[in-house]
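> Next up is a structure, given as structure tokens.
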Amino acid sequence: MKKIILTGGGTAGHITPNIALLPALKEAGFDIKYIGSKNGMEAGLIQAQNIPYDGISSGKLRRYFDLKNFSDPFRVVKGLFEAKKIIKKYSPDIVFSKGGFVSVPVVMAAAFLKIPVIIHESDITPGLANKIASKFATKICTNFPETLQYLPKNKAILTGSPIRKELLNGDKEAACKLTGFGDKPTLMIIGGSLGSVIVNTAIRKALDDILKEFNVIHICGKGNVDEKLLEKSGYLQYEYVDKELKDFFALADVVVSRAGANTICELLALRKPNLLIPLSGAASRGDQILNAESFENAGYSKVIDEETLANISLAMEISELYKNRQKYIDAMSNSDATNGVENIINLIKQYS
Ligand SMILES: CC(=O)N[C@H]1[C@@H](OP(=O)(O)OP(=O)(O)OC[C@H]2O[C@@H](n3ccc(=O)[nH]c3=O)[C@H](O)[C@@H]2O)O[C@H](CO)[C@@H](O)[C@@H]1O
């Protein structure tokens, strides 16, 4: 039986694509193990899938000054030794990394042990962790064609992103039952896997106007539920949604979202008219701005810059998006973007 180690974590964008690969890997006969951080959100999400999980020490590779910058290199080195021990013992045929800081020591340890490594980059420009990992990788999968130009030609390959198959089989009725919605169109807000205080604040400021036209499912991130709004009719808040997400997507008529690469690919696959508010260049390397631009140019999304949020009526923008929804659905229906699962599984089979 072939053996594979999956790694990736920090935010859900580095975890859900691995979850998307699980059914096809099992079907292909792979024995699967996961290496993530000890306390990251990957621990809970992967264990919920009944996959054997090992936690290693992990530091964050920051581009900015923080006292932890002095202790984290030691944690990364510790993680490297821990990863090496786990990999040596399990002796996998291949390692697949979805990125995030915890993946760096795993990828390095695998390369030192001469085990083939495939990594995946979801964003248009590679993140810091994947930039380091790409030196150790056998192959680098990309989600966007634009990304190929930033990577070594002999390694990079366009595969698309793996999307959880179950998301395509949501049950609208189940979501109606759970939420009590259905009498009005439904707006879903998904601010990235950690939520977004900026998006949450903008939505709540416009909430009374939005509720005149829509029922609202607001996925707001851990610790971001507004207790004062718990009784508000037509408005439901969730910190993070796992199993029910497919049903909520099925119920949603329009979506307001950050421009995280995985979420927007899911919106495209599900043909959900969407308004994107990308994370600003001041708070990141600007990857979401490029993701959003690419989707806007293709006609899949309407985009509002975080900086202009204060000057516009969000309720009116959402209402207009809903009125013009067919235009976006048509553009998305013409997309030739594919679910990356099959391409990636073929690559894994080829190199294991
Ligand atoms: C702040 C930050 O660094 N964001 C980055 C991070 O975002 P983040 O991890 O938020 O990214 P994505 O939007 O790519 O993916 C989130 C994933 O979590 C799932 N989900 C989300 C909420 C929820 O309640 N339930 C659930 O299942 C989504 O369906 C999706 O599959 O990784 C992305 C992919 O590299 C980048 O594009 C983002 O810029």
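> Between a residue in region 154-165 that is closer than 9 Å to residue 339 by Cβ and any residue that is more than 16 Å from the ligand (Cβ to nearest atom), which pairs come within a Cβ distance under 6 Å, given they are 6 or more apart or on different chains?
Note: pairs meeting the criteria are 160/338.
> Then there is this: Spot the failing condition for residue 66; the list is (1) in contact with a helix residue (DSSP H, G or I) (Cβ under 9 Å, 6 or more places away or on another chain); (2) modelled with pLDDT of 95 or more, and only one is missed.
Looking at each condition in turn, residue 66 falls short on (2).
> Within region 170-193, how many residues are modelled with pLDDT of 95 or more, within 15 Å of the ligand (Cβ to nearest atom) and under 26 Å from residue 342 (Cβ atoms)?
Looking only at region 170-193, we keep the residues that are modelled with pLDDT of 95 or more, and these are 170-181, 184-190.
Okay, now just the ones that are also within 15 Å of the ligand (Cβ to nearest atom), so 170, 175, 178-179, 188-190.
Retained after the next criterion (residues that are under 26 Å from residue 342 (Cβ atoms)): 170, 190.
The number of residues fulfilling the criteria is 2.
> Another question, if that's okay. Of the residues 245, 267, 229, only one is hydrophobic (A, V, I, L, M, F, W, C) and away from the ligand (no atom under 11 Å from the Cβ); which? Step through it out loud before you land on a result.
Numbers: 245 fails: away from the ligand (no atom under 11 Å from the Cβ); 267 fails: away from the ligand (no atom under 11 Å from the Cβ).
The match here is 229.
> Looking for something over 25 Å from residue 21 (Cβ atoms) and within 10 Å of the ligand (Cβ to nearest atom) - is there at least one such residue anywhere in region 248-262?
No, because not a single residue in region 248-262 is over 25 Å from residue 21 (Cβ atoms) and within 10 Å of the ligand (Cβ to nearest atom).
> Scan region 156-169 for residues that are β-branched (Val, Ile, Thr) and more than 12 Å from the ligand (Cβ to nearest atom) and jot them down.
Within region 156-169, the subset β-branched (Val, Ile, Thr) is 157, 159, 163.
Result: 157, 159.
> Report those helices (runs of 4 or more DSSP H) wholly inside region 113-228 carrying at least 2 residues which are in the same structural domain as residue 267 (by TED's automatic domain parsing). Can you show your working first?
Values: elements: 128-134, 172-179, 197-205, 207-213.
Counting at least 2 such residues, we get 172-179, 197-205, 207-213.
> Which count do you get for residues in region 300-339 that are of a type in the set (Gly, Ala, Ser) and part of a loop (DSSP other than H, G, I, E, B)? Let's see the steps before the verdict.
Within region 300-339, the first condition is being of a type in the set (Gly, Ala, Ser), and the residues that meet it are 301, 310, 313, 315, 319, 331, 333, 335, 337.
Imposing the further condition that a residue be part of a loop (DSSP other than H, G, I, E, B) reduces the set to 313, 335, 337.
Of the residues in that region, 3 qualify.
> Related question: Give me the residue from region 1-20 that is aliphatic (A, V, I, L, M) and not in a helix (DSSP H, G or I) and, out of that set, nearest to residue 222 (Cα to Cα). Before you say what the answer is, go through the steps one by one.
First, pick out the residues of region 1-20 that are aliphatic (A, V, I, L, M): 1, 4-6, 12, 15, 19-20.
Still in the running and not in a helix (DSSP H, G or I): 1, 4-6, 15.
On the way: 1: 39, 4: 31, 5: 28, 6: 25, 15: 17 Å.
Of everything passing the filter in region 1-20, 15 is nearest to residue 222 (Cα to Cα).
> Also, I was wondering about something else. Could you list, ordered by first residue, the pairs with Cβ atoms under 6 Å in which the first is in region 214-235 and under 24 Å from residue 317 (Cα atoms) and the second is hydrophobic (A, V, I, L, M, F, W, C) and within 13 Å of the ligand (Cβ to nearest atom), at least 6 apart or interchain?
217/188; 217/236; 217/248; 218/189; 219/190; 219/241; 221/194
> Could you tell me which residue of region 198-255 is farthest from residue 10 (Cα to Cα), considering only residues that are surrounded by 15 or more Cβ atoms within 10 Å (Cβ to Cβ) and polar (S, T, N, Q)?
215
> Next question. Among the residues of region 338-352, are any surrounded by 13 or more Cβ atoms within 10 Å (Cβ to Cβ), in contact with a helix residue (DSSP H, G or I) (Cβ under 8 Å, 6 or more places away or on another chain) and farther than 28 Å from residue 32 by Cα?
no
> Right, something else. Select from region 262-281 the residues that are in contact with an Asp or Glu (Cβ under 9 Å, 6 or more places away or on another chain), surrounded by fewer than 23 Cβ atoms within 10 Å (Cβ to Cβ) and among the hydrophobic types (A, V, I, L, M, F, W, C) and list them in ascending order.
Passing the criteria: only 275.
> Applying the selection to region 287-299, what residues are within 15 Å of the ligand (Cβ to nearest atom) and either assigned to a loop (DSSP other than H, G, I, E, B) or not acidic (Asp, Glu) (or both)?
Going residue by residue through region 287-299, those that are within 15 Å of the ligand (Cβ to nearest atom) are 287-295.
Passing the criteria: 288, 289, 290, 291, 292, 294, 295.
> Of the residues that sit in region 194-217 and are within 16 Å of the ligand (Cβ to nearest atom) and aliphatic (A, V, I, L, M), which one is farthest from residue 322 (Cα to Cα)? Even if it seems obvious, please write down each step before you answer.
Filtering region 194-217 for residues within 16 Å of the ligand (Cβ to nearest atom) gives 194-200, 203, 216-217.
Right, trim to aliphatic (A, V, I, L, M) and you get 194, 197-199, 203, 216-217.
Numbers: 194: 26, 197: 24, 198: 22, 199: 19, 203: 16, 216: 14, 217: 16 Å.
For region 194-217, the residue satisfying everything is 194.
The values are calculated or read from the model by the stated rules, or taken from the named source; none is laboratory data. Just so it is clear, the model here is predicted, and its values are computed rather than measured. All Cβ positions, glycine included, derive from the backbone under ideal geometry; neighbour counts span all protein chains shown.
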